[in-house]
Amino acid sequence: MSTLKLRVAPGAKKNGWKGTLPDGRMKVAIAAPPIDGRANEALVRFVAAALGVKSSAVRVAHGAGGRDKVVEVDLDPEELSRRLERATQGEAE
């Protein structure tokens, strides 16, 4: 299992990777509003699709009520790194 540290911007126009912060956290825009856990559910679906895993393989481990989140993914660290690099190629910095 691996973890991703994310800074999430809910209520965006569309879902997408938005670069990396100086501290290493990745920025992610999520279209769903932060109401009743909808943004967290959309985040899990977005990360799962981007990494090519089932939604059940992705969980918000910390930060469910805030913008800074730790997401657990059922992939080893090397595989997560490879898939993340492919998923974020061409995205905004």
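The values are calculated or read from the model by the stated rules, or taken from the named source; none is laboratory data. Since this is a predicted model, take the numbers as computed values, not measurements. A quick note on method: Cβ atoms are made from the backbone with ideal geometry, for glycine too, and the neighbour counts reach across all protein chains shown. Remember, those area values only see protein heavy atoms, side chains included, never the ligands or the DNA or RNA. Shrake-Rupley method; radii C 1.70, N 1.55, O 1.52, S 1.80 Å.
Computed quantities for the displayed model
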quantity	calculated
Value of [θ]222 nm, deg cm²/dmol, for the chain, DSSP H segments ≥ 4, -39500 (n - 2.57) each, nearest 500	-9000 deg cm²/dmol
Percentage relative contact order, the range 32-76, counting C-alpha pairs under 8 Å, at least six apart	26
For the chain: relative contact order, % (alpha-carbon pairs under 8 angstrom, 6 or more apart)	33
Percent carbon-and-sulfur accessible area, the chain, ignoring ligands, DNA and RNA, probe 1.4 Å	49
Residue of P22, P33, P77 that the Gaussian network model of the chain assigns the largest fluctuation, springs spanning Cα pairs under 10 Å	P22
Convex hull of the chain built on C-alpha atoms - directionally averaged projected area, nm²	5.4
Farthest toward positive dipole pole in the chain [+1 Lys/Arg, -1 Asp/Glu at C-beta], among L75, A9, L51	A9
Per residue accessible area in Å² of the chain, where ligands, DNA and RNA are left out and the probe is 1.4 Å	59
Net charge dipole size for the chain [Lys, Arg +1 and Asp, Glu -1 on Cβ; Debye, nearest 20]	360
Cut-off 13 Å between beta-carbons: net charge of the residues surrounding D23, Lys and Arg +1, Asp and Glu -1	+3
Spacing of the two label points (7 Å from each Cα toward its C-beta) at M1 and E72, in nm	0.2
Vicinal HN-Hα couplings computed from phi for the range 37-54 (Karplus, 6.51 cos²θ - 1.76 cosθ + 1.60; Hz; Gly/Pro x)	x, 5, 5, 5, 4, 5, 4, 4, 5, 5, 5, 4, 5, 5, 9, x, 10, 6
